[in-house]
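The values are calculated or read from the model by the stated rules, or taken from the named source; none is laboratory data. Here the structure is a predicted model, which is why all the values come from computation and not from measurement. Here the Cβ is made from the backbone with ideal geometry for all residues, glycine too, and neighbour counts use every protein chain on show. Accessible surface areas use protein heavy atoms only, side chains included; no ligands, DNA or RNA. Shrake-Rupley method; radii C 1.70, N 1.55, O 1.52, S 1.80 Å.
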Amino acid sequence: MTTLTAETAASPQVSRDVTPDGVIIHYADAPSYQTEHRTIFESRIYDFATDVARPLLIDGGAHIGMAALRWKRLYPAARIMCFEPDQNAFALLDQNIRANQLSDVELIQAGLSDRDGHARFSPDGADGGRVIGTDARDSACTKSETASSIRTIRLSSLLTEPVEMLKLNI
């Protein structure tokens with residue numbers, strides 16, 4: 001794993017390729033990557049047990065796909081649905097799934113919501129971002145050049161079978 005240095009901390013938007021534990025990961029923000037690697041791959045916060053041969057796993061707020069990459073190591077036959085509204089994070093998510101040649105991973109560029117439609121979204125350039133409402137606290141985000149319209153969908157409209165793991169980081 002890459003060590004965070006003054007150089008990487010000063011320019012967190014520079015993409016880098018790393019291969020921790022045999023997994024290829026592309027990322028744009030070193031501190032976010034290191035936190036996710038530590039919690040998902042080392043602390044194994046999303047590991048779980050199942051007897052289902054082909055479990056359906058949902059990753060809401062997939063970011064760059066770290067949970068999906070871990071789950072595929074644990075359950076190679078798993079079917080995973082990844083939702084990510086941030087276009088830059090989604091591009092890295094797609095790149096990571098392709099780089100690791102993972103099958104049965106469906107990538108959906110949308111935010112999960114209580115309704116299908118659109119919302120204003122303000123990314124933070126790292127592993128976060130938020131939907132912008134009409135609250136006074138959102139006024140700076142509304143005027144932000146990075147805010148954009150994202151598609152929102154209801155998860156329930158896509159589910160036709162039981163879900164073994166539901167991760168929501170939204």
T35 versus A91: modelled label distance in nm, points set 7 Å from Cα along the beta carbon direction: 2.3
Rounded, prolate or oblate (a/c below 1.5 giving rounded, otherwise prolate when a/b exceeds b/c) for region 90-131 by Cα gyration tensor: oblate
Nearest-10 value in Å² for the accessible area of D47, using the 1.4 Å probe: 50
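I need the calculated FRET efficiency for the pair V131 and S157, taking r as the beta carbon distance and R₀ as 30 Å, to the nearest 0.05. Before the final figure, lay out each step's value.
Numbers: r = 18 Å, r/R0 = 0.61.
The computed FRET efficiency comes out at 0.95.
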Within the accessible area of region 24-170 (1.4 Å probe), percent carbon and sulfur: 48
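If you rank L166, L57, L102 by how much accessible surface each has, with a 1.4 Å probe, what is the order from largest down? Mind dumping the intermediate values first?
Values: L166 90, L57 0, L102 50 Å².
Sorted descending by solvent-accessible area, the residues read L166, L102, L57.
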Full-extension gain in nm, D51 to N169, via 0.36 nm per residue minus C-alpha separation: 40.0 nm
